[in-house]
Amino acid sequence: MGKITLSVIKADIGGYVGHSAMHPDLPAKADEMLGKAKKDGLLIDYSIISCGDDLDLVMTHTKGEDNEEIHGLSWNIFEACTEVAKKLHLYGAGQDLLADAFSGNVKGMGPGVAEAVFEERKSETILVFAGDKCAPGAWNLPLYRMFADPFNTAGLVIDPNMHDGFWFEVFDIHNERRVFFDSPKEMYDLLVFVGSPDHFLIKGIYRKNEDGSRGEICASSSTQKLALIAGKYVGKDDPVMIVRSQSGLPAVGEVLEPFAFAHTTSGFMRGSHMGPLMPVSFEDATPTRFDGPPRVICAGYQLADGMFVGPRDMFTDISFDNSRQMALDVADYLRRHGPFEPHRLPYVEMEYTTMPNVEKKLQDRWEKL
Ligand code: F6R
Ligand code: MG
Ligand code: MG
């Protein structure tokens, strides 16, 4: 078998109730259409997951990244699900579909995309993460810890296959440019940027070849920022991420370990507040308190010739109970700030909300000091 492509494409095309969860009729519609695409031979296999109001299509095929047929299929599914959502008067039906018609690639059209092309290993362990009420930058801290922090990933010290480190691909989403960092050599340079997750996003992680050059893909994240695409606040750019695991890559436990710390992310209430990212089971991926706190789920798979064996609901494990408690305590603490920073986003980050209108309204009333 040659290289396979794993595509995770997601959109919020209607919430039930409000923005809190997924109505079962939406994944049912997606299942029907993905089932047909599999029967027709376009897909090898598929799996459907959801986190909060976001529907995630997890697909394997042999068409490569940014493929028109695969992206077109996803777009059609989101449109069909939008019709279902409209019939049920679900909230924000079609919210993330920013374009009127599909034109070759869903990137920049609203949906979030994470893709990886690789040769399936003898045993291919894959972890797919999906977040809700968070931002694409929410993956920066966990990805850094998985692939660069020896206090998280023992394999960086112990496993000779990981000892030389990894390449990090970083996007500057405000200036549409990217750069690759050689970790651990350039770890401190890397941190200068990825420590600002609303500006710089880790897009991909690559293995190092023996000569130190960039090798195969290990992790891939979605880098959508709907606010930037649409020019104003239109919804939540909730992210997805693919991480390959085991035998020369971080073990499952090393990939999940960063989430034991419920770090803060933007995306809580109205996309305008910081909140702790709480790792939850599929069942608990239903943010309701102050439209949050932000959630992350993890679907674990073994691939068998491109077929999904799974998903396993990785965060059901009781060993994440303390992390959940931490998230709830941090949510309590932050909530008490109300409209004050650091609960509310920094002033400059509010430019895509109603804040500029207030600025405008008051522009003639400011007096020079
Ligand atoms: C959406 C989100 C929510 C909404 C909020 C207001 O994913 O994060 O917090 O921003 O519920 O929604 P609207 O403006 O649609 O009433
Ligand atoms: Mg929504
Ligand atoms: Mg959402």
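Just so you know, all these numbers are worked out from the coordinates, no wet-lab data involved. If you're wondering where the values come from, they're calculated on a predicted model, not measured in any experiment. Methodologically, a virtual Cβ is constructed for each residue, glycine included, from the backbone with ideal geometry; neighbour enumeration extends over all protein chains shown.
Some notes on this structure:
- The chain: most fluctuating residue of Ile49, Ile77, Ile318 per GNM, C-alpha cutoff 10 Å: Ile318
- Cross-link partners for Lys87 among the aspartates and glutamates, with Cα-Cα distance under 15 Å and sequence neighbours closer than 8 places in the same chain left out: Asp25, Glu79.
- Considering only Ser50, Asn67, Phe308, and ranking their Cα positions along the charge dipole of the chain that arises from unit charges at the beta-carbon of Lys, Arg, Asp and Glu, the one farthest toward the positive end is Ser50.
- Total formal charge among the other residues, if their Cβ is under 15 angstrom from that of Ser247, Lys/Arg +1 and Asp/Glu -1: -2
- Average projected area [Cα convex hull, the range 60-178], square nanometres: 10.4
- Where GluC sites (Glu not before Pro) in DSSP loops with at most 10 other Cβ within 10 Å are excluded, longest remaining stretch of the chain: 1-175
- Nearest-0.05 FRET efficiency for Val17 and Met187, computed from C-beta distance (R0 45 Å): 0.50
- Separation of alpha-carbon centers, the range 73-137 and the range 300-343, rounded to whole Å: 20
- Computed E for Met307/Arg214 - FRET, C-beta separation, R0 35 angstrom, nearest 0.05: 0.75
- For the range 124-205, trypsin sites (Lys or Arg not before Pro) are listed when DSSP marks them as loop and at most 16 other Cβ atoms sit within 10 Å of their Cβ; the list is Lys185.
- With each label modelled as a point 7 angstrom along the Cα→C-beta vector, the Met1-Glu341 pair spans 5.0 nm.
- Counting only DSSP beta bridges with both residues in the chain, the antiparallel share comes to about 95 percent.
- The alpha-carbon positions of the chain define a convex hull whose volume is 151 Å³ per residue.
- For the range 300-369, diffusion coefficient by Stokes-Einstein and Kirkwood Rh (Cα), 4 °C, 1.567 mPa s, µm²/s: 76
- Among His19, His273, His163, His263, a tally of other beta-carbon atoms within 10 Å of each Cβ gives an order, fewest to most, of His163, His263, His19, His273.
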